[in-house]
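Below: one structure, written as structure tokens.
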Protein chains: 4
Amino acid sequence: MLVGGPASSLTDCPFSYFDGMISVAFLGLGAIGNPMARQIAQEKEQFTLAVWNRSGQKAADFAAKIGARHASTPADAASGAQFVVTCLPTSADVEALLDGPTGLESGLEDGAVLIDCTSGDPTTSKRIAVRLAKHGVGFLDAPVSGGVAGAEIGTLTVMVGGDADVLKRCMPVMEAFGEKIVHCGSVGSGHALKAVNQALLAVHIWSLGEGLAALARAGVDPAIALDVINASSGRSNSSQNLFPQRVLTRAFPRTFRLALLDKDVGIAARALRELKVPAPLIQLTAELMSMAHRELGDEADHVEAVKVIERMAGEVID
Amino acid sequence: MLVGGPASSLTDCPFSYFDGMISVAFLGLGAIGNPMARQIAQEKEQFTLAVWNRSGQKAADFAAKIGARHASTPADAASGAQFVVTCLPTSADVEALLDGPTGLESGLEDGAVLIDCTSGDPTTSKRIAVRLAKHGVGFLDAPVSGGVAGAEIGTLTVMVGGDADVLKRCMPVMEAFGEKIVHCGSVGSGHALKAVNQALLAVHIWSLGEGLAALARAGVDPAIALDVINASSGRSNSSQNLFPQRVLTRAFPRTFRLALLDKDVGIAARALRELKVPAPLIQLTAELMSMAHRELGDEADHVEAVKVIERMAGEVID
Amino acid sequence: MLVGGPASSLTDCPFSYFDGMISVAFLGLGAIGNPMARQIAQEKEQFTLAVWNRSGQKAADFAAKIGARHASTPADAASGAQFVVTCLPTSADVEALLDGPTGLESGLEDGAVLIDCTSGDPTTSKRIAVRLAKHGVGFLDAPVSGGVAGAEIGTLTVMVGGDADVLKRCMPVMEAFGEKIVHCGSVGSGHALKAVNQALLAVHIWSLGEGLAALARAGVDPAIALDVINASSGRSNSSQNLFPQRVLTRAFPRTFRLALLDKDVGIAARALRELKVPAPLIQLTAELMSMAHRELGDEADHVEAVKVIERMAGEVID
Amino acid sequence: MLVGGPASSLTDCPFSYFDGMISVAFLGLGAIGNPMARQIAQEKEQFTLAVWNRSGQKAADFAAKIGARHASTPADAASGAQFVVTCLPTSADVEALLDGPTGLESGLEDGAVLIDCTSGDPTTSKRIAVRLAKHGVGFLDAPVSGGVAGAEIGTLTVMVGGDADVLKRCMPVMEAFGEKIVHCGSVGSGHALKAVNQALLAVHIWSLGEGLAALARAGVDPAIALDVINASSGRSNSSQNLFPQRVLTRAFPRTFRLALLDKDVGIAARALRELKVPAPLIQLTAELMSMAHRELGDEADHVEAVKVIERMAGEVID
């Protein structure tokens, strides 16, 4: 499903490669990238797939088990690919991947498109787009939401920034892993929207943590408090899902690292500054995430930020 | 439905007045109080009702049209009542209503209960409870959520602080206007929970406003942004309902005044301070609501706080 | 020196006790109270002094070594006293001292004045003033600044709230320990001003800590940074005195507890809320002090709050 | 006076140009730059001076009245210059001046030094330094403090980032306009320190405004409040100078634009984020400056930010 772009029929598409197989390269086989690449690999009648990963063993395993060409370098992966998908920790990682004789830039061919599914930042994405355009290579920022679970079953939401016609050409690839493909605007707008969503997530987790810690101290059972809030105007995805499942149970499963949420909120905070939009709540939340990240370390889950609040309050939310 | 209290059957209740009619007084016929009182008035086989309002005409109209005794003073209303319900702007208003020869305190009878549905503050409620206990009068803080719409059809959520046995006795009255009656803890905990819910509402409105204003400036259509956020982890009641219905449409219906949200967040902020729970996000939000309230005046709706963000950002969310 | 009040000559004063000795009671012989009381005790030709302290040994020692009557109870101390000076941790402590058969209220005589040098809060002070006025007892809030060093040599600044004529009568006592006596306004205004000063101190310490930690991480020697700042527009008492003497040296002498600064900033924060003055910086600082206090405990010095910043920054300011 | 660098005697300096006249170019003849350039021009036995300004008339006037060569382009100014001084609004302006056939980069000669007195940002400065090093051109970031008054009499403080030996060579030029030359560290550290100083200035102005507005509302005369604060621990340059001279008098002279302070605090805020130092107070202050700047416009003086607080508080500090 394409949302927000011009109504488009892929039958209009003039590109010859729709007559045959679509050649795709996928770089970055992490927690989200791996299942995304698998969705592409599974459609063997539609796609040929090359994979590459910084730690080569992951790519070798993927190639052997799922079926794909194991590329030796980013340039090798890009060679002959109509679409190159990247899914890395940061935009800086994507930019670094372009460089050098074995880098993506030297492998990407005129007419190809780089689809960057990294939760990256708008400024770097704009710089990458300009750099690739000189070679006739298109660029879309296309971060996803839906988590590992959504990636496993191909129901991710994809937030796309870039040219509408380029997006139209990329739809077959995106539909392999995304259920809802949303055209947000020009290059960088996908990353901006993803970052704002993450900032709101961080705001909700932290403010709910503050409120529930105080209520617990006042003798109100957090389960009852959540029950009421979820029937009232203060509810959020955090109150309806994260806290009941992860905080009250003390399970705190490690599904998305606080280090990454800290990075994402930082991207939002910086983008808001560059857009000259005063945003005291989001900026303060960026500081709180930064504090919590330093305190809990790189391996903590994002919901564990609540533990910092609990420590400061001297009260456990359970 | 009673949540959070001990399993209780009203057949256990020893009070003789369950043999006959229940005598109720309702003070405060405002936007929420009026339909609540009407729910009680409608069950004419169960309740006898006296009403009182600061501006007497409202009570006279209610008495004439809906059917109730129009009490001349708070004391007159309380006289003979088993249950007195108050629904006023602030706890200070409730406390002031107790005073003097025609005040509630002089009218409330031993064994009666004051059910305070005001969105009040825990500290004042505790003081009122102590004062009434000297006369053998019970006290419950029982703020509601669900808005005017919920009050009209008797589906409010009621957050109750106070003694479980007192609550048990009050259930028939509460069930007249509430669908979900939640026992939160001791006196003040209903007010604390309501205030925290309101604080979260304010946090959500303001942070979403910040994010959408920035995205709009970056060229992302707010409708598309909300569509994505509502499919992602950053969603809240504000993103799912308030913004699509009220902000993007520029309708800003006046359903709940910003002045009252400011008051509620202030109650939460003060309660958190007294509980010694550091809460930078909620405290900062209290300041932002206070600023917005001063800027927009007493008549603005709570969602119009977004207009302050829009002005600061130089960008309209539409 | 009297600042801010009407020009006043003590020769105008009709009170007979100026013919003879002035009878003073001093309650609260802590770090500041003890040297203040000593200043009074030293002027033996002008004052007779009774002392009381919660832990009686301190008062007994004072009475024995410095020379004063050791009162057995607050009421005993107040008995016969024209002026009663209190110097306690909080206004709540002062209020509690009034109660009961041996409390201050029962001992204070018509025409006496309670001079409260506690760093207290305006709201409680107003309540105390109303309570004492019923007995014909005057009340001044009169917190001091200048620290232990200023108290030792009688050069404190005294910020006075209350009636100008009452202040005029109290001048001989105040001049025993204060060099600069400032009439700020009505009851509570001394406490308000002291609290705001403390809030500014906290703001300055914390923001300077943020800045210097970042500069240290950027490779700038904090001593050089302070040298420049102290020659520039960003200087403050904190940059000119506290940081060079206490932080860079890692001395952190315990001269004023963080617990008390946290209390003082909390008083300011609450007063600003009650005055309906939006104050995001001071309110956020109240949260930061509360966090630091919890983290460092009750015995830490106020400047040690910097250690919390250092830990979060992963950088020592030395 | 050189602070913070290695003890250095200019007699050690091997550079031949100390045998004769020193050739200097000055670009940017604004409010601060103009008097700085005049200090250089006045020492006619030591310096030959070329000047350039974006609006050429200013440079022509300077050349005619003070005596200097009026360069036609940045490249022309740099041609033959041993030292090129820039004093522009932002680092981005400096970077832009490097570009193109008439840009600084094409005019600067091997062995020359660019001394950038702009209140710029560390990141851009590092980029410029790397770019110039390829041509054998040195770079120092050297922002100043002391204001127009200090520039007029050559008593500025100069905060220098860059190589110590390069600084040594530049001392004769710097001493023409600076009294205190401080070597802060590597390239960018001068800009970082200046930005932090400005952030502290902004913190002090805003927090003092909050406090005085509240005290005024509580009936305390701001002049008395300042008198006490200035004798106490909460004093700062803002309380000792800015507020008595500019706020209480309602003079608000336009000496340094709020737009520039907003920019400076933004530089500090971004640098702190990049250094991963959580800094809630400085980050929040950046938002408040941004809000005030938008509200008051580009021409307001930095101290006029207080007017935004006064409006929010409904109270004038006078």
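The values are calculated or read from the model by the stated rules, or taken from the named source; none is laboratory data. Quick caveat: nothing in here was measured; it's all calculated off a predicted structure. In this analysis, Cβ positions are derived from the backbone assuming ideal geometry, glycine residues included, and neighbour counts consider all displayed protein chains. Ligands, DNA and RNA are excluded from the accessible area calculation, which covers all protein heavy atoms including side chains. Shrake-Rupley method; radii C 1.70, N 1.55, O 1.52, S 1.80 Å.
Of all chain D residues, the one whose Cβ lies closest to the rotation axis that maps D onto A, given with that distance rounded to whole Å, is D:Q283, 3.
Highest average first, the peptides B:157-163, B:188-194, D:86-92 ordered by how many other beta carbon atoms sit within 10 Å of their residues are B:188-194, B:157-163, D:86-92.
Overall size of the range D:192-313 from C-alpha positions, given as principal axis extents largest first: 43, 32, 24 Å. Ranked by the mean number of other Cβ atoms within 10 Å of their residues, highest first, the peptides C:213-219, D:277-283, D:253-259 come out as D:277-283, C:213-219, D:253-259. Remark: the protein assembly as shown carries a charge dipole of roughly 0 debye about the Cα centre, counting +1 on each Lys and Arg Cβ and -1 on each Asp and Glu Cβ. Normalised by the number of residues in chain D, the average gap of Cα pairs under 8 Å and 6 or more apart makes the relative contact order 14 percent.
Can you give the charge dipole size of the range B:2-186 about its Cα centre, rounded to the nearest 20 debye, using +1 on the beta carbon of Lys and Arg and -1 on the beta carbon of Asp and Glu?
With Lys and Arg at +1 and Asp and Glu at -1, about 240 debye.
For the range A:2-186, the solvent-accessible area of protein heavy atoms averages 38 Å² per residue (probe radius 1.4 Å; ligands and nucleic acids excluded). In chain D, taking the dipole from charged Cβ atoms about the Cα centre, the farthest positive-side position among D:V85, D:G188, D:A213 is held by D:A213. The translational diffusion coefficient of the protein assembly as shown, from Stokes-Einstein at 10 °C and 1.306 mPa s with a Kirkwood hydrodynamic radius over alpha carbon pairs, comes to 47 µm²/s. In this assembly of identical copies, the label point of A:V316 (Cα plus 7 Å along Cα-to-Cβ) is separated from its counterparts by 3.4, 5.3, 5.8 nm, sorted shortest first.
As a ratio to 2.2 N^0.38 Å, the alpha-carbon radius of gyration for chain B is 1.06.
Inter-chain neighbour count for C:236-246: the average number of beta-carbon atoms from partner chains within 10 Å of each residue's beta-carbon is 3. On the range C:50-173, 54 percent of the accessible area sits on carbon and sulfur atoms, based on a 1.4 Å probe. Assuming charge only on the beta carbon of Lys and Arg (+1) and of Asp and Glu (-1), the dipole of the range C:191-283 about its Cα centre is about 300 debye to the nearest 20.
Projecting the Cα atoms of B:V303, B:N53, B:G314 onto the charge dipole of chain B, computed from C-beta unit charges around the Cα centre, puts B:G314 farthest toward the positive end. To the nearest Å, what is the center-to-center distance of the range C:37-79 and the range A:241-310, using C-alpha atoms only? Value for the Cα centre distance between the two parts: 56 Å. Peptide D:185-193 has a mean of 5 when you count, residue by residue, the C-beta atoms of other protein chains within 10 Å of its C-beta. Its relative contact order, with pairs defined as Cα atoms under 8 Å and 6+ residues apart, puts the range C:27-178 at 21 percent.
Centre-to-centre separation between the Cα atoms of the range A:115-136 and those of the range D:128-154: 34 Å. Each peptide in D:286-296, B:55-65, C:195-205 gets a packing score, the mean of other Cβ atoms within 10 Å over its residues, and the list from highest to lowest is C:195-205, D:286-296, B:55-65. Centre-to-centre separation between the Cα atoms of the range C:201-235 and those of the range D:157-216: 10 Å. Interface between chains B and A: roughly 5100 Å² of accessible area buried, both sides summed (probe 1.4 Å, protein heavy atoms only).
How many partner chain Cβ atoms sit within 10 Å of a residue's Cβ in peptide C:267-276, on average, as a whole number? Intermediate values should be presented prior to the final figure.
Details: counts 0, 4, 4, 4, 5, 10, 9, 5, 9, 11.
Whole-number average of other-chain Cβ neighbours for C:267-276 is 6.
Placing a label point 7 Å from the Cα of D:I66 along the Cα-to-Cβ direction, the distances to the matching points in the other copies come to 6.3, 6.6, 7.9 nm, shortest first. Position B:A164: other-copy label points at 6.2, 6.2, 7.4 nm, ordered by increasing distance, label point 7 Å along Cα→C-beta. The residue list C:V144, C:S72, C:P101 was ranked by how far each Cα lies along the charge dipole of chain C toward its positive end, using unit charges on Cβ atoms, and C:V144 comes out on top.
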